[in-house]
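Following: one structure in structure tokens, then a few remarks.
The values are calculated or read from the model by the stated rules, or taken from the named source; none is laboratory data. Bear in mind that the values here come from a model prediction, so they are computed numbers and not experimental data. Please note: Cβ atoms are built from the backbone with ideal geometry, for glycine as well, and neighbour counts cover all protein chains shown.
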Amino acid sequence: MSNAPRTVAVGGGSPYLIHIGPGLLGDGGLLAGAVRGRHVLLVSDDTVAPLYLAGVRAALQDARPDLKIGQHVIPAGEASKTLHHFGGAIDALAALGATRDACVLALGGGVVGDLAGFAAACWMRGVDCVQLPTTLLSMVDSSVGGKTAVDIAQGKNLVGAFHPPRAVIADTAALRTLPTRELRAGLAEVIKYGCIRDPLFFRWLQAERGALLAGDDAALAQAIARSCEHKAEIVERDPLEKGERALLNLGHTFGHAIETAQGYGAPGNDNLNHGEAVAVGMVLAARLSAALGMADAADTDTLRELLLAYGLPVAIPAGLDPEALLAHMRLDKKNIAGRLRLVLWRGIGKAEVVPDVDEAAVLVVLRAQP
Ligand SMILES: NC(=O)c1ccc[n+]([C@@H]2O[C@H](COP(=O)([O-])OP(=O)(O)OC[C@H]3O[C@@H](n4cnc5c(N)ncnc54)[C@H](O)[C@@H]3O)[C@@H](O)[C@H]2O)c1
């Protein structure tokens, strides 16, 4: 495995490139190449901004001295993915005098990417957004595919838009400052691709656990590129999630219910973050698949063991009420006509969307903690 930058192309109606490699946040030519007009709003959070914002800003300004660059920094964490902070980004675009060829640069994890992307989708009915993901989770998932959103009290991501980025620039060197817990959360989403459609990748992840957890650059770049290839293939065929894109939500209906029930990971408490909630959700989906006779229970065990080996949680946190979790699941965007529609599997690498899942069976799985 080499450290040379890689590129993954996302095709379809709004094609763009995903650039993956170390040091890309300092590549002024690459950054400036993605900016069409004269106005740039850099959106970041107060953990990432002190680490990388000045460098990105300087690289960009050096390459394009004519650019007018503004910035909007939100408090770090899911609790900031709100209409309030979205409004702040819109105010910052207005203060910048941003025109229709403006570009929003989303520098941070999925929270910044989703919020900044939504602001770009809404400002003047849509300006460019370039994603500069700095967490593993955002590199392998949220920065690609154009889903943007903010949370409201009733549920995660309930207000948003499809707005594909103009480019994604993933600097793998930024992962060196990422806390281990966040790296593991991203690896949950990487494992998800193996579970959905790639048993070989699943086996590779079993074999490369040591290198990935140690932050090995080449192994991480390989995991990111493979994940992005999977996501690119799916979103270019189904950009608006009318069909197979829903598969990417394996574990997410359960996971979102956990996140909503615990109140979006207020900083400083023991709440699961998004990737961790997805890890638990994948185990619950696997267990439900086995209970419904779709899959072998041994596959649940294999998945559980892999997640545990990556230091990820596999059980619902204590104190969350199964009935309340089910109520949150009823609000999931995948549901049709009030029926639960879940992503389940027939085994490792074989996920499928199952309409009209029996709520009683779901409740049994939610109640049965290992
Ligand atoms: N749009 C999509 O398709 C999609 C897909 C998956 C997830 N998401 C969303 O993504 C969000 C989760 O993203 P996330 O896990 O990246 O969370 P996050 O954005 O909250 O980042 C996690 C933490 O890591 C910090 N951080 C980020 N980069 C860092 C770095 N390089 N060094 C040090 N610290 C760093 C952040 O400040 C934050 O505290 C959720 O809101 C989820 O709904 C969206």
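With respect to the conditions (1) surrounded by 19 or more Cβ atoms within 10 Å (Cβ to Cβ); (2) touching a helix residue (DSSP H, G or I) at 6+ places or on another chain (Cβ under 8 Å), L292 falls short on a single one, namely (1).
Report the residue count in segment 338-370 for those that are assigned to a loop (DSSP other than H, G, I, E, B) and either surrounded by 14 or more Cβ atoms within 10 Å (Cβ to Cβ) or at negative phi (or both). Break it down stepwise before answering.
From segment 338-370, those assigned to a loop (DSSP other than H, G, I, E, B) are 338, 340-341, 346-350, 355-358, 368-370; that's our starting set.
Next, from what is left, pick out any that are either surrounded by 14 or more Cβ atoms within 10 Å (Cβ to Cβ) or at negative phi (or both): 340-341, 346-350, 355, 357-358, 368-370.
Total satisfying the criteria: 13.
Scanning segment 87-96 for residues that are within 16 Å of the ligand (Cβ to nearest atom) and in contact with a helix residue (DSSP H, G or I) (Cβ under 6 Å, 6 or more places away or on another chain) turns up at least one hit. Among the conditions (1) surrounded by fewer than 16 Cβ atoms within 10 Å (Cβ to Cβ); (2) at pLDDT 95 or above, the only one that A170 does not satisfy is (1).
Evaluated against (1) buried (at least 22 other Cβ atoms within 10 Å of the Cβ); (2) over 29 Å from G87 (Cβ atoms); (3) within 11 Å of the ligand (Cβ to nearest atom), G194 falls short on exactly one condition, (3).
Given the criterion out of contact with any helix residue (DSSP H, G or I) (no Cβ under 8 Å at 6 or more places or on another chain) and more than 25 Å from Q262 (Cα to Cα), identify the matching residue among D358, D301.
Numbers: D358 fails: more than 25 Å from Q262 (Cα to Cα).
Going through D358, D301 in turn, the sole match is D301.
Scan segment 39-54 for residues that are more than 10 Å from the ligand (Cβ to nearest atom) and surrounded by 17 or more Cβ atoms within 10 Å (Cβ to Cβ) and the total you get is 6.
When you scan segment 234-247, how many residues do you find that are surrounded by fewer than 21 Cβ atoms within 10 Å (Cβ to Cβ) and farther than 16 Å from C195 by Cα? Of the residues in that region, 8 qualify.
How about segment 105-146: which of its residues are surrounded by fewer than 24 Cβ atoms within 10 Å (Cβ to Cβ) and charged (D, E, K, R)? Of everything in segment 105-146, those that are surrounded by fewer than 24 Cβ atoms within 10 Å (Cβ to Cβ) and charged (D, E, K, R) turn out to be R125, D128.
Per-residue answers, yes or no, for (1) in contact with a Cys (Cβ under 6 Å, 6 or more places away or on another chain); (2) under 19 Å from L175 (Cβ atoms); (3) hydrophobic (A, V, I, L, M, F, W, C):
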| residue | (1), (2), (3) |
| --- | --- |
| T47 | no, yes, no |
| V56 | no, yes, yes |
| P65 | no, no, no |
| L83 | no, no, yes |
| L96 | no, no, yes |
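The residues of segment 163-184 that are under 14 Å from the mean Cα position of the chain (by Cα) and hydrophobic (A, V, I, L, M, F, W, C), listed by number, are V168, A170, L183. Taken over segment 313-330, the criterion of being touching a residue at least 60 places away in the same chain (Cβ under 8 Å) and not in a helix (DSSP H, G or I) is satisfied by L320, D321.
Please find, among E359, E305, the residue that is of a type in the set (D, E), closer than 18 Å to V280 by Cβ and free of Cβ contacts under 8 Å to residues at least 40 places away in the same chain. Write out each step before concluding.
Values: E359 fails: closer than 18 Å to V280 by Cβ.
When all the criteria are applied, what remains is E305.
Taken together, the criteria place G126 among residues that are of a type outside the set (K, R), more than 15 Å from the ligand (Cβ to nearest atom) and modelled with pLDDT of 95 or more.
Could you tell me whether L24 is within 25 Å of the chain's Cα centre (by Cα) and either buried (at least 19 other Cβ atoms within 10 Å of the Cβ) or farther than 16 Å from D128 by Cα (or both)? Write out each step before concluding.
Details: within 25 Å of the chain's Cα centre (by Cα): yes; either buried (at least 19 other Cβ atoms within 10 Å of the Cβ) or farther than 16 Å from D128 by Cα (or both): yes.
Spelling it out, L24 is indeed within 25 Å of the chain's Cα centre (by Cα) and either buried (at least 19 other Cβ atoms within 10 Å of the Cβ) or farther than 16 Å from D128 by Cα (or both).
Return a yes/no flag: does segment 178-186 have any residue that is in contact with a Leu (Cβ under 8 Å, 6 or more places away or on another chain), modelled with pLDDT of 95 or more, aliphatic (A, V, I, L, M) and surrounded by fewer than 23 Cβ atoms within 10 Å (Cβ to Cβ). Yes: one or more hits.
Can you confirm whether A277 is modelled with pLDDT of 95 or more, buried (at least 24 other Cβ atoms within 10 Å of the Cβ) and assigned to a helix (DSSP H, G or I)? So that I can check it myself, show each step before the final result.
Details: modelled with pLDDT of 95 or more: yes; buried (at least 24 other Cβ atoms within 10 Å of the Cβ): yes; assigned to a helix (DSSP H, G or I): yes.
So A277 fits the description; yes.
Among the residues of segment 134-174, those identified as over 22 Å from E241 (Cα atoms), more than 6 Å from the ligand (Cβ to nearest atom) and either in contact (Cβ under 8 Å) with a residue 12 or more places away in the chain or part of a strand (DSSP E or B) (or both) are L136, I169, A170, D171, T172, A173.
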